[in-house]
Amino acid sequence: ETGVTQTPRHLVMGMTNKKSLKCEQHLGHNAMYWYKQSAKKPLELMFVYSLEERVENNSVPSRFSPECPNSSHLFLHLHTLQPEDSALYLCASSPGLAGGRDIQYFGAGTRLSVL
Amino acid sequence: KNQVEQSPQSLIILEGKNCTLQCNYTVSPFSNLRWYKQDTGRGPVSLTIMTFSENTKSNGRYTATLDADTKQSSLHITASQLSDSASYICVPGPSNQAGTALIFGKGTTLSVSS
């Protein structure tokens, strides 16, 4: 295991539902990330938090809402999603903001299907 | 525009054989390059990370090379095993301390058969 735990592993939701993805890291890292991975496409950075402050928001639709209550936990709140939002959502953490030699440690991901 | 091109897109080899995966990138300014292994349905796992001044880095049967002048990197896998079946992702990093602009390639899907 990488020390980054994501729950749930699989999620099926309707377009009118509200759900949340959870990520927890046990590595003492200061930075946490949300990525989206769609089929046949590279990982897309969604949000970055450093010491619980959001430092990056890559033009993500407002139907995705992140929350970082402390440096060990990261949430992604979902509401009124579209079918094209179906993807693997990956959480990662790193000691610092992954510059230089900082390595990102990824969770196993949440496979999301929007019906 | 920052881009990453990986080749081949997919590869099938027999167990025990060697293979080399390629990565060409146009990232400027350039700071470091990472290779990740991603098993199906799992998150990526770091294999190697090299700064622009390093030419080669090994991790067991995995050896990465980097030519920062030609903006090319390769990942060589020696004596492949069935567990090497995965997607291998090249990730060049620009020279910023934020690290928020890591550029992920689409990956090469490797299948090792017995």
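The values are calculated or read from the model by the stated rules, or taken from the named source; none is laboratory data. Remember, predicted model here, so these are calculated numbers, not experimental data. Please note: Cβ atoms are built from the backbone with ideal geometry, for glycine as well, and neighbour counts cover all protein chains shown. To get the accessible areas, we keep the full protein, side chains included, count just its heavy atoms, and leave off ligands, DNA and RNA. Shrake-Rupley method; radii C 1.70, N 1.55, O 1.52, S 1.80 Å.
Key figures for this structure:
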| read-out | value |
| --- | --- |
| Out of B:I89, B:I77, B:I49, sole residue that is open to solvent by less than 50 Å² (accessible area, probe 1.4 Å), closer than 25 Å to A:G107 by Cα and modelled with pLDDT under 95 | B:I49 |
| Contacts under 7 angstrom Cβ, first residue in the range A:1-22 being away from every other protein chain (no Cβ under 14 Å), partner open to solvent by 50 Å² or more (accessible area, probe 1.4 Å) and in a loop (DSSP other than H, G, I, E, B), 6 or more apart | A:V12/A:L115; A:G14/A:L115; A:M15/A:T80; A:M15/A:Q82; A:T16/A:T80 |
| Residue in the range B:40-59 that is over 15 Å from B:N18 (Cα atoms) and touching a helix residue (DSSP H, G or I) at 6+ places or on another chain (Cβ under 9 Å) present | no |
| Lone unmet requirement of (1) within 26 Å of A:Y89 (Cα to Cα); (2) at pLDDT below 95 for B:S31 | (1) |
| Search result, residues across the range B:32-46 that are facing another protein chain (nearest Cβ under 10 Å) and crowded, with 19+ Cβ neighbours inside 10 Å | B:N32, B:R34, B:Y36, B:Q38, B:G43, B:P44 |
| Only one of A:G109, A:G28 that is under 15 Å from the mean Cα position of the chain (by Cα) and on the phi > 0 side of the Ramachandran plot | A:G109 |
| Some residue of the range B:34-44 being among the basic types (K, R), closer than 21 Å to A:K36 by Cβ and in contact with a Pro (Cβ under 9 Å, 6 or more places away or on another chain) | yes |
| Near pairs, Cβ below 6 angstrom, 6+ apart or cross-chain, from the range A:103-115 (farther than 12 Å from A:E24 by Cα) to any residue that is of a type in the set (F, W, Y) | A:T110/A:Y89; A:L112/A:Y89 |
| Qualifying positions in the range B:52-70 - under 22 Å from B:T26 (Cα atoms) and open to solvent by less than 70 Å² (accessible area, probe 1.4 Å) | B:E54, B:K57, B:T63, B:A64, B:T65, B:L66, B:D67, B:A68 |
